[in-house]
Amino acid sequence: MIGRLDHVAIAVADVEGAAATYRDLLGARVSEPKSLPEHGVRVIFVELANSRIELMEPLGEASPIATFVARNPDGGLHHVCYEVGDILAARDRLLDAGARVLGDGEPSIGAHGKRVLFVHPKDLCGTLVELQEA
Ligand code: CO
């Protein structure tokens, strides 16, 4: 069902600082910062040959990653995102197996303009997983 790894998301308190670390320590190519108010995050992408890293910091009071960053002041792995061919088929397969899909179970439009769903970490090896329609 799952295809390629689309991105790994790392939540940090300071996205510019994190991007500078990736650029200076690892020699990575990083994008300009972008605010996504509808997702409550400000992001910078690290472009890799085979995938990308999404560095994100909380944006606004109601940011969904604010608590995570408060608990992980040095930053931390927030989620991984896998591509799927058909997001509704993927959702139904997960629900049929008893896995918990977050929210109301309907796909939303993710940070990359594609349909996404999140699966509860307790149902996937302790890792928050985002599924994104290819
Ligand atoms: Co993501």
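Just a few scattered comments:
- The set of residues in the range 83-121 that are closer than 23 Å to Gly40 by Cβ and in contact with a Lys or Arg (Cβ under 9 Å, 6 or more places away or on another chain) comprises Ile87, Arg100, Val101, Gly105, Glu106, Pro107, Ser108, Ile109, Ala111, Leu117, Val119, His120.
- Of the numbered criteria (1) loosely packed, with under 14 Cβ neighbours inside 10 Å; (2) in contact (Cβ under 8 Å) with a residue 24 or more places away in the chain, the one Asp6 fails is (1).
- Checking Ser31 against (1) more than 12 Å from the chain's Cα centre (by Cα); (2) at pLDDT 95 or above; (3) open to solvent by 50 Å² or more (accessible area, probe 1.4 Å), the condition it does not meet: (3)
- Note on the range 97-119: residues that are over 13 Å from the mean Cα position of the chain (by Cα), farther than 19 Å from Pro37 by Cα and either open to solvent by 80 Å² or more (accessible area, probe 1.4 Å) or within 16 Å of the ligand (Cβ to nearest atom) (or both) amount to 6.
- Val41 surrounded by 13 or more Cβ atoms within 10 Å (Cβ to Cβ) and under 13 Å from the mean Cα position of the chain (by Cα): yes
- Among the residues of the range 81-134, those identified as β-branched (Val, Ile, Thr), modelled with pLDDT of 95 or more and closer than 24 Å to Phe68 by Cα are Val101, Val116, Val119, Thr127, Val129.
- Here Thr127 passes the criteria (1) of a type outside the set (Asp, Glu); (2) in contact with a strand residue (DSSP E or B) (Cβ under 7 Å, 6 or more places away or on another chain); (3) more than 14 Å from the ligand (Cβ to nearest atom) except the one numbered (3).
- Only one of the numbered conditions (1) within 27 Å of Ala134 (Cβ to Cβ); (2) buried (at least 20 other Cβ atoms within 10 Å of the Cβ); (3) within 16 Å of the ligand (Cβ to nearest atom) is not met by Leu94, and that is (3).
- Among the residues of the range 52-80, those identified as over 19 Å from Val119 (Cα atoms), in a loop (DSSP other than H, G, I, E, B) and at pLDDT 95 or above are Leu59, Asn72, Pro73, Asp74, Gly75.
- The residues on offer are Leu26, Leu55, and the sole one that is surrounded by 14 or more Cβ atoms within 10 Å (Cβ to Cβ) and on the phi < 0 side of the Ramachandran plot is Leu55.
- Residues in the range 8-51 that are out of contact with any Leu (no Cβ under 9 Å at 6 or more places or on another chain) and closer than 24 Å to Val84 by Cα were compared, and the one that is farthest from the ligand (Cβ to nearest atom) is Ala49.
The values are calculated or read from the model by the stated rules, or taken from the named source; none is laboratory data. The structure displayed is predicted, hence computed values, not measured ones. Don't worry about glycine lacking a Cβ; one is built from the backbone with ideal geometry, like all the others, and counts go over all protein chains shown. Heads up: the accessible areas ignore ligands, DNA and RNA and are worked out on the full protein's heavy atoms, side chains in. Shrake-Rupley method; radii C 1.70, N 1.55, O 1.52, S 1.80 Å.
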